[in-house]
Amino acid sequence: MSRLAKLLRVPTPADRGPGRPWRPGTPPPAPVVEDTPGADIRIGYARCSTLGQELDSQLDALTAHGIPRDKIFSEKISTRVRVRPQFEEALKTAREIKAHAPHCRVILTVHELKRLGRDAAELTALADHLTAHGLILEMLAGPLPGIYDPTGPGKLLFAFFAAMAETERESIRESTLEGLDTASRKGKHGGWPPVVTDDMLHTVLRRRANGESVEQIQPDLIIPTGKRKGQSPSVASVYRALAENAKREAYPEALEQAHDDFAVLQASEVPGPRPSHRDQVSL
C-alpha cells in the first residue's frame, strides 16, 4: 500500500476485520458529500540544520498534536540548501491528498516558522503556494502559533514576523563575522576564547533544566584558561553565553554563513600593500 493510500485509508467498521466474513444487512459507510467539510488531515514537517542538532523535540510536539509518525516528514538539512527532499515530499503529499479529498482540510504543520525558510521572500512565496493549492499552514510555537490566515491581518502579521526572522538571522551573521574579523586581526584565528566554555555551558543548561537558577550555578563554574584562570565567570557572562547559545540554536545557518563568508574574505585577500583610494576609483 502506498503512503498516500495509507493516509487516505477508510476506517474499518467495528463489525469487520481480517478473517471476519461480511454479513448481509450490515450498513455500508455513509457516502461523503462533496460540499460537506470533512475531517482535518495533517501532514507534519520537522527540520534542523546540522547533524549535531536533534529532531526529537519537534517530532514529539507534532506527535502530541495528533499527527502520526508516518505522516511526519523530517530531515537534517540547512535552509541554505534550496532543494530539501523531505520538505518537497511533504508538499507533494499534501497536494495529492487535497486532490483526492477536496472536502477535507489538508494542513501542513510545523513546529515554528523558522523551520520553513531562510528569508521573508521565501516564506511569503511558500504561504502563497499553500493557499493557491487549497492547503493550510499551521505552526505550533513561535510568534504565530495556530492556523495561518492568508487574509486580512493574518497575512500582514505573517509578513512582519517573516521579515523579523530574516533581520535577526542577518544580525547574527554580521555580528559573528565582525567577531571573527576582530579576533583574526589580533592573531586569534579561531575567534576569541570564550569565558564560558562549551563544557561550562552544557553544565548550566543541564542544571537549569533541573530547576536551578544561574545564580546558584555560577559559583561552581571555573574558567580554565586566560588571565582569569581559576575564577568564576560573572553572572552576566553566563547569561550572555545562554543568549548566544539560544541564537545559535535558533539560526545555525547564520553562523554557518558567517564562517563561510569569513573564509571567502580571507582567501580573497592578496598579500602586499593595499591599493589607494585613487587606485580603487580608477579600477
Taking Asp128, is it part of a loop (DSSP other than H, G, I, E, B) and either free of Cβ contacts under 8 Å to residues at least 24 places away in the same chain or among the polar types (S, T, N, Q) (or both)? no
Between a first residue in the range 94-121 that is within 23 Å of Leu156 (Cα to Cα) and a second residue that is part of a loop (DSSP other than H, G, I, E, B) and basic (Lys, Arg), which pairs have beta carbons less than 7 Å apart while being 6 or more apart in sequence or on different chains? Arg118/Arg80
Flag if Thr131 is surrounded by fewer than 19 Cβ atoms within 10 Å (Cβ to Cβ) and farther than 30 Å from Ala246 by Cα: yes
Answer with yes or no whether Leu137 is closer than 29 Å to Glu54 by Cα and either outside the structural domain of Leu62 (by TED's automatic domain parsing) or touching a helix residue (DSSP H, G or I) at 6+ places or on another chain (Cβ under 8 Å) (or both). yes
Which condition number does Lys155 fail, the rest of (1) modelled with pLDDT of 80 or more; (2) under 29 Å from Ala39 (Cβ atoms) being met? (1)
Every listed condition ((1) in a helix (DSSP H, G or I); (2) modelled with pLDDT of 90 or more; (3) of a type outside the set (D, E, K, R)) holds for Leu137 save (1)
Restricting attention to the range 132-150, which residues are in contact with a Ser or Thr (Cβ under 9 Å, 6 or more places away or on another chain) and over 17 Å from Leu62 (Cα atoms)? Pro150
Tally of residues being more than 14 Å from Leu55 (Cβ to Cβ) and at pLDDT below 90 across the range 79-104: 5
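The values are calculated or read from the model by the stated rules, or taken from the named source; none is laboratory data. Please read these numbers as outputs of a predicted model, since none were measured by experiment. Note that we place each Cβ from the backbone using ideal geometry, even for glycine, and neighbour counts take in every protein chain shown.
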